[in-house]
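The values are calculated or read from the model by the stated rules, or taken from the named source; none is laboratory data. It should be emphasised that the depicted structure is a prediction, and the values quoted were computed from it without experimental measurement. Note that we place each Cβ from the backbone using ideal geometry, even for glycine, and neighbour counts take in every protein chain shown.
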Amino acid sequence: MNRLLTSVVALCLFGFCNAQFNLSPHLVDAQATDAACRMYAFLYNNFGKKTISGMMTGDMGSANGDIKQHADIQAVYKASGKYPALIGFDLMNATGKSAKDAWSQEYTRACISLAKDTYRCGGIPAFTWHWRDPSQATMAFYTQDTAMKISDAMNADGSWNTSSDLYHKIISDIDAVADCFLELQEAGMACVFRPLHEASGGWFWWGREGAEKYEMLYRLLYDEMVRVKGVHNVIWVANADPDDGSWNPGEAYFDIISTDIYNPDYDYSSNSTAFDKLKALTSGKKMIALAENGPIPDMQQEVDDEAVWSWWMPWYQTWNGNFVNKTSTEQWRKCMNDSRVITLDDMPVCWGKTSASETTQNALMK
């Protein structure tokens, strides 16, 4: 009932969205939770008008479950006077050769704890997964550091070899990550998930054998998480190469299309060329996000170029990333105080204390 209500309200308000798009008010997961529908409605109704501010986290440090005290988020606050509304987390230590080590487990637990606090504060938890070698021969996710290939888990005809050791290890890894999302689902929370990112670059093992193998792995991951494990609280984000449409798992497998762009320091371009190419690749059927970036785009340029990203997310400041410093303090303050940029204190409600229709209505009142 709530899912239907979300869809009806979103359709009624579609005229507010960018007229060049033909977005679906439905998530691709037909069994999506009400929490996921509320979050998607918020994204849907702001797309084309406002951009959600984001920030990636690296070192878990000593935030002790308080997202506002995390070093990466504090860096944004000190530069801008505002907290970002979307917070990135990495499940890279949830699987792999050392996943059971104390440090790896503590890292993953800290990610989940902070994701919960982000959601409680009205923010959007956004997950990436640097998938470490599932064969466990190495700790690597970079192609150059592991010999692992997707085809090693396949038969000669290109189908999955479901009796192979590697296939079972791949499934085991997916299940471990699915359990992280199920914990959030059981707590009534939703999130964003961008798996198998930057595949077309070939620097990660999931991209070394080309688009066809990548697509098969993406679909296996989706099917195992959604149809087998019952993960229904995720908004699925595909990461694409704007110049190569072959890296596409199929529109039934993702809700939002994204790309990663690292401009030179203090370059606040809208990146409209990439935006337009992603719109063309998806025939205007998907929202578009800047999933990773260096300097943050200038909001006025986004509007002028008709390239208003759903969100942007600079990489982390910790671990010597220093990505907050690639945008000047002046630009941070200008951007985060722009009424068209959504910060944490702009979020309309705490996700767990409102109906789907109220979320949609409040989003448009901002």
Legend entry - Candidates Ala153, Ala137, Ala176 - the one that is within 26 Å of Leu86 (Cβ to Cβ) and out of contact with any Asp or Glu (no Cβ under 6 Å at 6 or more places or on another chain): Ala176
Inset, instruction - Within region 262-287, work out how many residues are surrounded by 20 or more Cβ atoms within 10 Å (Cβ to Cβ), within 21 Å of Ala199 (Cβ to Cβ) and in contact with an Asp or Glu (Cβ under 8 Å, 6 or more places away or on another chain). - result: 4
Inset, instruction - Tell me, please, whether a residue that is in contact (Cβ under 8 Å) with a residue 40 or more places away in the chain and either touching a Leu at 6+ places or on another chain (Cβ under 9 Å) or among the acidic types (Asp, Glu) (or both) can be found in region 268-280. - result: no
Inset, instruction - Taking the options Leu281, Leu290, name whichever one is touching a Pro at 6+ places or on another chain (Cβ under 9 Å) and more than 30 Å from Asn337 (Cα to Cα). - result: Leu281
Inset, instruction - Inspect all residues belonging to region 66-73 and state whether any of them is assigned to a loop (DSSP other than H, G, I, E, B) and buried (at least 22 other Cβ atoms within 10 Å of the Cβ). - result: yes
Inset, instruction - Mind counting the residues in region 207-229 that are under 18 Å from Trp129 (Cα atoms) and among the β-branched types (Val, Ile, Thr)? - result: 1
Inset, instruction - Answer with yes or no whether Tyr218 is within 15 Å of the chain's Cα centre (by Cα) and surrounded by fewer than 21 Cβ atoms within 10 Å (Cβ to Cβ). - result: no
Legend entry - Qualifying residue in region 131-138 (condition: in a helix (DSSP H, G or I) and at pLDDT 95 or above): no
Legend entry - Scope region 299-330; condition part of a helix (DSSP H, G or I), in contact (Cβ under 8 Å) with a residue 40 or more places away in the chain and charged (D, E, K, R); matching residues: Glu302, Lys326
Inset, instruction - Select from region 74-98 the residues that are over 18 Å from Ile124 (Cα atoms) and not aliphatic (A, V, I, L, M) and write down the one among them that is surrounded by the most Cβ atoms within 10 Å (Cβ to Cβ). - result: Thr95
Legend entry - Residue in region 132-171 that is nearest to the chain's Cα centre (by Cα), counting only those that are surrounded by 13 or more Cβ atoms within 10 Å (Cβ to Cβ) and small (Gly, Ala, Ser): Ala140
Legend entry - Enumeration of residues in region 113-126 that are surrounded by 23 or more Cβ atoms within 10 Å (Cβ to Cβ) and in contact with a Cys (Cβ under 6 Å, 6 or more places away or on another chain): Pro125
Legend entry - Subset of region 172-200 that is in a helix (DSSP H, G or I) and in contact with a Ser or Thr (Cβ under 9 Å, 6 or more places away or on another chain) - its residue that is farthest from Met313 (Cα to Cα): Ser172
Inset, instruction - Search region 99-112 for residues being out of contact with any Ser or Thr (no Cβ under 7 Å at 6 or more places or on another chain) and among the small types (Gly, Ala, Ser), and hand back the single one that is surrounded by the fewest Cβ atoms within 10 Å (Cβ to Cβ). - result: Ala102
Legend entry - Of all residues making up region 228-270, the number that are β-branched (Val, Ile, Thr), closer than 17 Å to Ile174 by Cβ and either assigned to a loop (DSSP other than H, G, I, E, B) or out of contact with any Phe, Trp or Tyr (no Cβ under 7 Å at 6 or more places or on another chain) (or both): 2
Inset, instruction - Please find, within region 172-187, the residue that is surrounded by the most Cβ atoms within 10 Å (Cβ to Cβ) out of those that are of a type in the set (D, E, K, R) and touching a helix residue (DSSP H, G or I) at 6+ places or on another chain (Cβ under 8 Å). - result: Asp175
